[in-house]
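Just so you know, all these numbers are worked out from the coordinates, no wet-lab data involved. Since the model is a prediction, treat every value here as computed from it, not as a measurement. FYI the Cβ positions are ideal-geometry reconstructions off the backbone, even for glycines, and counts take in every protein chain you see.
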Amino acid sequence: MNRWNVMKRILPLLAGMALLLSACGRSDLSALDPQGPIAQRQYDLMKISISIMTLVVVVVFAICIYVLIKFRRRKGDKTIPKQVEGNHKLEIIWTVVPLILLLILGVPTIQSVFGMAKDYSKDKDAIQVKVTSHLYWWEFEYPQLGVTTAQELVVPTGKKISFELVSADVKHSFWIPSIGGKMDTNPGMSNRMYLEFPKEGVYRGKCAELCGPSHALMDFKAKSVSPASFDKWVAAMKAPAVMPADAHIAETFRSKCLACHAVGDQGTNGAPNLTGIGGRQTVAGILYNSDVVKDPQSEDKTVEENLKTWITNPQKVKPGNQMPSAADNQLTQDEIDGIAKYLAGYKLDY
Amino acid sequence: MDWLTTVDHKKIGILYLLAGFIFFLVGGLEAILIRIQLMKPMNDFVAADTFNELITMHGTTMIFLAAMPMLFALMNAVIPLQIGARDVAFPFLNALGFWTFFFGGLLLNISWFAGQVPDAGWTSYVPLAGPTYNGTHGVDYYVIGLQIAGIGTLLGGINFMATIINMRAPGMSFMRMPMFTWAIFITSVLIVFAFPVLTVGLVALMFDRLFQANFFEVGGGGNTVLWEHVFWVFGHPEVYILILPAFGVISEVVATFSRKRLFGYSSMVFALVLIAFLGFMVWAHHMFTTGLGPVANALFSIGTMLIAVPTGVKIFNWLFTLWGGSIRFTTANLFAIGFIPTFVLGGVTGVMLASAPADYQYHDSYFVVAHFHYVIVGGLILGIFAGLHYWWPKMFGRMLNEGLGKLTFWTFFIGFHLTFFVQHFLGLLGMPRRVWTYLPNQGFDTLNLISSIGAFLMGIGTIVFVLNVIITWAKPRNAAADAWEDGRSLEWTIPSPPPEYNFKQTPLVRGIDAWWKEKTEGNTAMTPAEPLGPIHMPSPSILPFIMSVGLFIAGFGFMYAHHWLAAGGILVTFVCMFFRSVYDDHGFHIDPEEEVQA
Ligand code: HEM
Ligand SMILES: [Cu+2]
């Protein structure tokens with residue numbers, strides 16, 4: 001067959017594959033449906049490599065099938081095939097052609113490696129975020145803005161977000177597939193990377209490095225909002241804490257919860273910051289709040305119910321995590337209900 | 001008793017096969033449990049920490065206790081025969097190597113009964129595997145078990161290197177060696193360079209864990225990335241230690257069953273050497289997301305991509321060995337032919353992974369799980385099955401049942417692709433690897449179900465193989481010397497199974513594919529290179545067994561801080577070494593008359 005004819009048949013196949021791939025998965029999660037320039041660039045590299053590789057696979061499979069059909073031994077065939085030593089021309093061809101194919105992949109690879117490693121830590125226009133991974137939650141600190149949040153990263157659209165990544169305990173890996181590939185968090189040293197969020201939305205993030213029993217459940221969200229909303233969010237985060245109206249609940253919350261957590265200007269950041277938790281998509285990263293997410297699933301509960309589930313027995317939701325259960329914490333059912341109701345109502349306006 | 005004291009390479013090969021296959025079944029059972037857990041979202045078939053123990057033990061068992069020993073089984077069974085030798089260079093060390101592997105593996109698996117199981121992944125990244133975050137004895141079993149088993153591997157590597165260099169029959173120059181022998185030679189070199197690195201890492205981790213050292217403890221000034229480097233400097237060559245022997249097997253099987261000599265022999269050799277060399281240079285491609293910086297990532301990207309070139313050369317050479325041949329579809333050949341496209345799929349995803357910026361997406365996702373199972377299962381395990389079906393008559397004197405063999409192939413092969421092909425997509429859709437469970441409605445549900453069904457099919461294929469072995473056992477030993485009629489190398493010139501001394505007279509090798517050459521010239525036997533005379537054989541010995549038991553005991557002593565027990569175990573080993581040194585054992589001779597009787 002004419003070589004060009006082969007190409008004419010393969011090219012539409014490759015294009016079809018690419019289309020098929022891009023139709024897969026959730027757009028807020030899948031690396032095949034990129035929502036930002038970094039993920040887009042990675043997806044482009046994937047497409048180049050998948051195309052080259054499909055070409056290779058098709059050639060090999062074609063030869064393979066042809067050979068197996070053509071040269072099968074017929075019954076009673078006793079002839080001895082010619083003992084071929086090799087063929088230098090052929091061997092050189094299948095050394096040089098792969099080299100050329102690799103060059104096609106290698107050049108954009110190198111460009112992207114350096115492109116993605118750009119450092120925006122000194123850029124006044126970029127938002128600096130320090131990500132600290134903990135067993136099994138994520139802390140996001142904005143050193144320029146004096147704000148700390150957890151589990152739900154909030155960023156403005158259209159700006160470079162420059163991350164500094166560290167770990168408080170074991171290795172984890174920070175990954176938002178539809179926005180950009182991952183980077184490990186190493187204890188004792190920090191890594192850098194940057195991402196961009198052109199569109200508003202909430203994207204699913206994952207921990208990608210085995211870190212213990214609840215590694216699978218160490219999800220987080222990345223929420224991109226308009227720059228104006230972002231400014232409002234920062235202001236709301238910095239406002240003094242809203243405490244429970246009921247004095248007893250307020251006291252319980254202060255003594256039992258704020259020993260580790262923080263809201264507004266109260267408490268400490270030893271555990272996830274709870275400011276505005278009523279407006280977050282999830283409790284603990286994995287319990288989806290049916291009254292907050294846009295596409296609730298049948299098994300999702302409201303924020304308040306999810307909070308109760310969590311506070312009552314965190315171990316059951318995320319095995320091996322560090323938060324004491326209600327029993328350990330000596331909380332009565334009334335106190336659980338009161339705290340859950342208060343936190344569910346704690347929303348930020350932005 | 002005979003089996004505990006044997007130093008005969010053929011028997012040791014069978015021991016390796018038996019032990020390796022049992023561990024393969026253990027690792028397979030662990031895999032099935034993993035796939036049951038992941039069959040549906042938010043499943044709680046096993047607990048989260050049990051799951052991490054399962055994946056850790058599955059990976060560690062499959063790589064160190066199943067795949068490598070089964071390869072050692074093939075090497076032991078075949079290499080001395082292929083090069084026309086009567087045994088390996090150091091028969092005593094060979095036995096010692098088996099027993100240390102066996103007791104190391106046993107120690108590792110006793111963790112299941114001790115209730116403290118390694119759970120930090122087969123890579124045991126610190127600090128998760130360090131004393132601060134892993135306070136039980138779980139990882140101690142990993143660290144000590146692998147050290148003991150590693151002694152065995154290293155001894156094997158040294159032994160086969162020496163054997164292949166020194167004990168080839170007259171006339172067998174390096175460029176006349178069968179491809180499998182070449183592959184094992186290069187593999188042995190890799191073992192000799194890579195395993196000491198692992199040992200150093202394991203010793204350092206052991207000191208951190210048992211004696212409060214600070215190699216990897218950040219709090220004490222240690223460095224966690226150091227472990228990643230040490231592990232992968234060993235770990236990447238390790239994957240080539242696994243796959244090169246499979247390349248060798250495929251070369252033999254494909255040539256035999258297409259009745260043709262291997263296409264491009266010298267380029268095949270050159271490709272092997274190049275792959276081995278590059279294999280040492282690319283370890284950091286496992287660390288693209290660790291944060292080594294763009295220069296390192298760029299260099300390791302390109303270095304990794306280059307491996308595709310010699311690998312491609314091998315693939316096309318196999319295809320052109322088949323081209324123009326007279327192809328016979330035996331079970332062994334089915335496995336070999338199944339290997340080629342499967343390994344190509346695994347290889348091309350390897351090139352995709354090598355593009356560092358794209359790997360930021362793939363790394364530690366199910367895409368990687370799919371990739372390395374395509375190379376390890378689709379490459380290595382298919383290769384081992386091909387080799388087992390091919391050399392079974394030589395090892396045991398009985399032909400495996402072809403019908404059952406083909407059933408094994410088809411269930412295993414289809415099950416394999418069902419299990420792992422979809423995992424590429426799971427990874428790209430955002431599923432991280434090593435996850436105990438996943439939330440519903442993320443697009444993972446159906447693909448995971450398909451994957452689990454495939455795993456069951458592979459399990460069935462394996463069971464059929466076991467049945468085949470049992471049924472074959474009941475049959476008479478009637479395999480011919482040249483069991484496939486188209487044998488090309490020296491192992492097919494002697495009876496199946498071979499006598500204790502392999503070759504009555506060392507053969508004279510007159511060209512590549514020595515036996516084929518004689519056959520085409522109308523000869524019915526090899527020309528001997530020496531007169532008939534008494535054959536010197538090494539004596540059997542129980543010492544290797546006792547020495548390994550000593551190390552096994554010492555391992556427990558260290559782990560549970562009973563230092564007198566540790567000292568006792570080490571003492572046992574040293575006393576054995578002492579006896580071995582002072583007692584001059586000259587072995588024994590088999591007389592020519594006896595040979596005639598035998
Ligand atoms: C030849 C037999 C091979 C075996 C047995 C093998 C095995 C593996 C294994 C076990 C891993 C997973 C490491 C982990 O994350 O735990 C891996 C990753 C990788 N392999 Fe291979 N591999 C082979 C061939 C190749 C080839 C031919 C290439 C490239 C040309 C390649 C490139 C890679 C890369 C870049 C990774 C890192 C992926 C990541 O961690 O994200 N491998 N391989
Ligand atoms: Cu984590």
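Peptide A:178-185: average number of partner chain Cβ atoms within 10 Å per residue?
Values: counts 1, 0, 3, 11, 10, 6, 11, 1.
Taking the mean over all residues of the peptide, I get 5.
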In order over the range B:351-365: 3J(HN,Hα) from phi, Karplus 6.51/-1.76/1.60, θ = phi - 60°, whole Hz, x for each Gly or Pro, gives 5, 4, 4, 5, 7, 3, x, 6, 5, 4, 7, 6, 3, 6, 10
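If the limit is 31 Å between Cα atoms, which of A:K124/A:K223; A:K159/A:K256; A:K130/A:K347 go over it?
Working: A:K124/A:K223 22 Å; A:K159/A:K256 39 Å; A:K130/A:K347 24 Å.
Too far apart for the 31 Å limit: A:K159/A:K256.
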Given backbone amide H placed at 1.01 Å from N, residues whose amide H is under 5 Å from that of A:G205, ignoring those fewer than 5 places away on the same chain, are A:F220, A:K221, A:A222
With Cα coordinates, the longest principal axis of chain B makes an angle with the long axis of helix B:445-473, in degrees rounded to 10, of 30
Along the dipole axis of the protein assembly as shown (charges at Cβ: +1 for Lys and Arg, -1 for Asp and Glu; origin at the Cα centre), the most positive-end residue among B:N297, A:V59, B:G533 is A:V59
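If we sort B:533-546, B:387-400 on the protection proxy, mean other Cβ atoms within 10 Å, highest first, what's the order? Spell out each step's value before the answer.
On the way: B:533-546: 17.8, B:387-400: 23.3.
Ranking the peptides B:533-546, B:387-400 by packing returns B:387-400, B:533-546.
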Counting only DSSP beta bridges fully inside chain A, the antiparallel percentage to nearest 5 is 70
In degrees rounded to 10, the 0-90 angle between helix B:366-375 Cα long axis and the longest Cα principal axis of chain B is 10
Once amide hydrogens are built 1.01 Å from N within the peptide plane, the residues lying 5 or more places from A:S290 or on another chain with amide H under 5 Å from its amide H are A:K301, A:T302, A:V303
Per GNM of chain A with C-alpha springs under 10 angstrom, the most fluctuating residue out of A:P177, A:P314, A:P98 is A:P98
Tilt, helix B:91-114 to longest principal axis of chain B (alpha-carbon atoms), in degrees rounded to tens, equals 30
Mean Cβ-within-10 Å packing, highest first, puts peptides B:575-582, A:188-195, B:94-101 in the order B:94-101, A:188-195, B:575-582
Partner shielding of A:64-70, as the mean number of partner chain Cβ atoms within 10 Å, equals 5
About its Cα centre, chain B carries a charge dipole, from +1 on Lys and Arg Cβ atoms and -1 on Asp and Glu Cβ atoms, whose size in debye to the nearest 20 is 1140
Counting sequence-distant residues (5 or more places) and residues on other chains, those with an amide H built under 5 Å from that of B:M399 are B:N478, B:A479
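Compute, for the protein assembly as shown, the length of the dipole vector about the Cα centre, with Cβ point charges of +1 (Lys, Arg) and -1 (Asp, Glu) only. Units Debye, rounded to 20. Spell out each step's value before the answer.
On the way: 66 positive and 67 negative charges, 637 e Å.
It works out to roughly 3060 debye.
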Given Cβ charges of +1 for Lys and Arg and -1 for Asp and Glu, the option among B:M431, A:V113, A:T268 whose Cα lies farthest towards the positive end of the dipole of the protein assembly as shown is A:V113
With only helices counted (DSSP H, runs n ≥ 4, each -39500 (n - 2.57)), the per-residue ellipticity at 222 nm for chain B, to the nearest 500, works out to -22000 deg cm²/dmol
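Based on the Cα coordinates of the range B:9-594, what is the per residue volume of their convex hull in Å³? Don't jump to the answer; show the numbers that get you there.
Details: hull volume 86.6 nm³, N = 586.
Taking the convex hull of the Cα positions in the range B:9-594, it is 148 Å³ per residue.
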Once phi for every residue in the range B:489-497 is put through the Karplus expression 6.51 cos²θ - 1.76 cosθ + 1.60 (θ = phi - 60°), the whole-Hz ³J(HN,Hα) values, with Gly and Pro written as x, are 10, 4, 4, 8, 9, 10, x, 10, x
Per residue of B:215-223, other chain Cβ atoms within 10 Å number on average 2
With -39,500 (n - 2.57) per DSSP H segment of 4 or more residues and division by the full residue count of chain A, the 222 nm estimate, nearest 500 deg cm²/dmol, is -12000 deg cm²/dmol
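Taking the DSSP beta bridges in the protein assembly as shown as the whole, what percent of them are antiparallel, to the nearest 5? Working shown, then result.
Values: 35 of 50 bridges.
Counting DSSP beta bridges with both partners in the protein assembly as shown, the antiparallel share is about 70 percent.
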Under 21 Å between C-alpha atoms, the lysine pairs in chain B lying 8 or more places apart or on different chains count 18
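Of all the Cα-Cα pairs you can form in the range B:139-231, what percent are over 17 Å apart? Please report the intermediate quantities before stating the final value.
Working: 2530 of 4278 pairs.
Tail of P(r) above 17 Å: 59 percent of Cα pairs.
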Comparing A:F71, A:F163, A:F61 in a Gaussian network model of chain A (Cα, 10 Å), the one with the largest mean-square fluctuation is A:F71
If one builds a Gaussian network model of chain A from Cα atoms under 10 Å apart, the most fluctuating residue listed among A:M243, A:M53, A:M183 is A:M53
With x for Gly and Pro, the residue-by-residue ³J(HN,Hα) of the range A:168-175, computed from phi through the Karplus equation 6.51 cos²θ - 1.76 cosθ + 1.60 at θ = phi - 60° and given in whole Hz, is 8, 9, 9, 6, 10, 9, 8, 9
